[in-house]
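Reviewing the structure listed below.
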């Protein structure tokens, strides 16, 4: 197989892309959180525009995700969204951090109005911080509604834990009220969450 054959074989695939190493959340089961708590350095660095442009020649669909980070913290993220729009790349943004201004989100949304944004809010917005430590779930929910008001495609991702299992029906009604798809996901992270000190709060009223 020649180099060109290899490139053609892998062209137009789907790319799940980590844009950097920065995040303001401290989710208990995140590798980044675990490394930080043990005093380890977070490996890697932010993706550059030049690196990103090279990738765009080989993928028809890009999912900006957060394994080590949240994509919104790459300083070039809005430009990356614009590039995806210009190159007609199907774009998904998976985000859970809430530490950007409404003005920033407006710029990001309008940079590629064809993108789909998936917001990780695990439970009713007021309770999501129980796993998404440092998240302002209520603010992020309002940002999701703001995106929808701009005709952006938005989805609500809801990882199921013991603390939020009883509020699923409330979440379904809330999502239906705003005509937002609700993605309910059973997660193995629940067992780890139950081992954390803060899990005693699951019996609080919701």
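The values are calculated or read from the model by the stated rules, or taken from the named source; none is laboratory data. Here the structure is a predicted model, which is why all the values come from computation and not from measurement. Heads up, the Cβs are rebuilt from the backbone with ideal geometry, glycines too, and the neighbour counts pull from every protein chain shown.
Assuming residue 140 fulfils every condition listed in (1) touching a strand residue (DSSP E or B) at 6+ places or on another chain (Cβ under 7 Å); (2) outside any helix (DSSP H, G or I) apart from one, which condition is it? In the conditions (1) touching a strand residue (DSSP E or B) at 6+ places or on another chain (Cβ under 7 Å); (2) outside any helix (DSSP H, G or I), residue 140 misses (2) alone. Summed over region 48-82, residues that are in contact with a helix residue (DSSP H, G or I) (Cβ under 9 Å, 6 or more places away or on another chain), at pLDDT 95 or above and surrounded by fewer than 20 Cβ atoms within 10 Å (Cβ to Cβ) total 7. The sole residue among 24, 91 that is outside any loop (DSSP other than H, G, I, E, B), surrounded by 14 or more Cβ atoms within 10 Å (Cβ to Cβ) and touching a residue at least 12 places away in the same chain (Cβ under 8 Å) is 91. Could you check, for region 103-118, whether at least one of its residues is in a loop (DSSP other than H, G, I, E, B) and more than 18 Å from residue 153 (Cα to Cα)? No, region 103-118 contains no residue that is in a loop (DSSP other than H, G, I, E, B) and more than 18 Å from residue 153 (Cα to Cα).
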